[in-house]
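J.: Next up is a structure, given as C-alpha cells.
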Amino acid sequence: MKQIIVAVDGYSSCGKSTIAKQLARKVGYRYIDTGAMYRAVALYALQHGLLTDQQVVEALPLIRIDFSIQADGSQHTLLNGQDVETAIRTLEVGNRASQVSVIKEVRQFLVRQQQAMGKEKGIVMDGRDIGTVVFPAAELKLFLTASPEVRAHRRYQELLEKQNTDAADISFEAVLQDVNDRDYRDTHRQESPLRQAEDAVVIDNSQLTKDEQMEHVYRLFAQRCCG
Ligand code: DC
C-alpha cells in the first residue's frame, strides 16, 4: 500500500493529538507531536533561566529531542535523554512554548528535524504549520477547529486529570483566557502563523464524537492512500 504523509494542524486543545494518534495507530504509521518539540525547547529555556530570544537561539545546539515508545504504545518526549513527558504538559511550559515558537531560528531548528522524520512517509504529524511549511506536499491535510469554550473545557479537564503541580488552583476562566491568548499569538506571529492550507480539509469537532470524527478521517485517509 502507498505510504503517505498526513498533516494535522489546528488551534490548541482541539483534539489534534487525539485524532492524529488514533489514525496513526489504526493504519500503523508513526505519530509525531510537534507541539511537544516546542514544549521541550521551552522547558529547557525555563530550566536554564534563558530569558532572551538570543539566549534560546544560542542554546539550540545543546538541545536534543527524541521520542521513546512505551510498552503500552504511547510516546514520551525525551529532552537530552531525560523523559519530560509530564513536565512539558504544564500551563507554564505551554505559555513559554508559545513564546519560543515565534523565534525564527527555533522554528528552523525543529522544522528541519520534522522534515527528516517524514522522509520515508508513513507518518501522521500534528502541529500548526505542518500542512503549510513542514510538508506542503502532504497527501492529506486536516485542519481541526472547535469553539474556544469547548477547547478550554477540554484543557481544563485534562489539567485536572493530570494533577500537574499548577493544576490544583487553576480556574476555568484562566484556562479560557489562556486559550484565547494562545490563539491570538499562534495566528498573529510573523514566523509561520497558524493558518489553514488551501487544500486542507476543515473539521470542526465541537459537535462530533471521537468515533464520528475518526470515521470521517479514516475515510479521507483511505481515499488519499488507496483511492
Ligand atoms: O500543541 P501544543 O499546545 O502542544 O503546542 C505548544 C506551542 O507550540 C503552541 O503555542 C504552538 C506552538 N507550536 C508551533 O508553533 N508549531 C507547531 N508545529 C507546534 C506547536
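J.: Applying the Karplus parametrisation 6.51 cos²θ - 1.76 cosθ + 1.60 with θ = phi - 60° to the phi angles of the stretch 39-51, what ³J(HN,Hα) value in whole Hz is obtained for each residue in order, glycine and proline being reported as x?
T.: Each residue of the stretch 39-51 in turn: 5, 5, 4, 4, 4, 4, 4, 5, 5, 9, x, 7, 9 Hz.
J.: So, one more: Of Ser147, Ser98, Ser12, which has the largest mean-square fluctuation in a 10 Å C-alpha GNM of the chain?
T.: Ser147
J.: Picking from Pro61, Pro136, Pro193, which is most flexible by a Gaussian network model of the chain using Cα springs under 10 Å?
T.: Result: Pro61 has the largest fluctuation of those listed.
J.: Would you mind getting me the FRET efficiency between Met1 and Ser171? Use the beta-carbon distance for r and R0 = 35 Å, nearest 0.05.
T.: 0.15
J.: Right, another one. Between Lys119 and Gln47, what's the calculated FRET efficiency when r is the beta-carbon distance and R0 is 30 Å? Round to 0.05. Don't skip to the answer; put the middle values down first.
T.: Details: r = 31 Å, r/R0 = 1.03.
According to the calculation, E is roughly 0.45.
J.: Turning to a different aspect of this structure: Quick one: putting +1 on the C-beta of Lys and Arg, -1 on the C-beta of Asp and Glu, what dipole do you get for the chain around its Cα centre, in Debye to the nearest 20?
T.: 740 debye
J.: Another one. Relative contact order of the stretch 73-227: what whole-number percent is it, with Cα pairs under 8 angstrom and at least 6 residues apart?
T.: On the way: 112 pairs, mean separation 45.5, N = 155.
Result for the stretch 73-227 is 29 percent.
J.: Along the stretch 58-66, what does the Karplus equation 6.51 cos²θ - 1.76 cosθ + 1.60 (θ = phi - 60°) give for ³J(HN,Hα), rounded to whole Hz, x for Gly and Pro?
T.: In residue order, the calculated couplings are 5, 7, 3, x, 8, 9, 10, 10, 9 Hz.
J.: Scan around Tyr31 for amide H atoms under 5 Å from its own, H built in the peptide plane at 1.01 Å from N, and keep only partners 5 or more places away or cross-chain.
T.: Hits under the 5 Å cutoff: Val124.
J.: Using Cβ counts within 10 Å as a stand-in for footprinting exposure, how do Ser171, Ser74, Ser101 rank, fewest first? Intermediate values should be presented prior to the final figure.
T.: Details: Ser171 9, Ser74 12, Ser101 26.
Ascending number of Cβ neighbours within 10 Å: Ser171, Ser74, Ser101.
J.: Something else: With a point put 7 Å past each Cα toward its Cβ, work out how far Leu60 is from Gln196 in nm, to one decimal.
T.: 3.1 nm
J.: Let me ask something else. Could you work out how far apart the two model spin labels at Gln108 and Ala71 are, taking each label as a point 7 Å from the Cα in the direction of the beta carbon, and quote it in nm?
T.: Going by the 7 Å Cα→Cβ label model, 4.4 nm.
J.: How would you rank Ile65, Ile88, going from fewest to most other Cβ atoms within 10 Å of each one's own Cβ?
T.: Ile65, Ile88
J.: Neighbouring Cβ atoms within 10 Å as the yardstick, rank Ile63, Ile19, Ile69, Ile130 fewest first.
T.: Starting with the residue having the fewest Cβ neighbours, the order is Ile69, Ile63, Ile19, Ile130.
J.: First select every other residue whose beta carbon is under 13 angstrom from the beta carbon of Asp186; then total the charges, Lys and Arg +1, Asp and Glu -1.
T.: +2
J.: Once the convex hull of the C-alpha atoms of the chain is built, how many Å³ does it hold per residue, rounded to a whole number?
T.: 124 Å³
J.: With θ set to phi - 60° and the Karplus curve 6.51 cos²θ - 1.76 cosθ + 1.60, what are the ³J(HN,Hα) couplings of the stretch 136-147 in order, to the nearest whole Hz, using x for Gly and Pro?
T.: Each residue of the stretch 136-147 in turn: x, 9, 3, 5, 10, 10, 10, 10, 9, 8, 7, 5 Hz.
J.: Using a Cα-Cα cut-off of under 17 Å, which lysines could be cross-linked to Lys162, ignoring same-chain neighbours fewer than 8 residues away?
T.: none
J.: Rank Ala97, Ala20, Ala71 by mean-square fluctuation in a GNM of the chain with C-alpha springs under 10 angstrom and give only the top-ranked residue.
T.: Judging by the Gaussian network model, the answer is Ala71.
All of the numbers you see were taken from the coordinates with simple rules; none came from a lab. All figures in this text were calculated on a predicted structure; none of them were measured in a lab. Note that each Cβ is placed from the backbone with ideal geometry, even for glycine, and that neighbours are counted across all protein chains shown.
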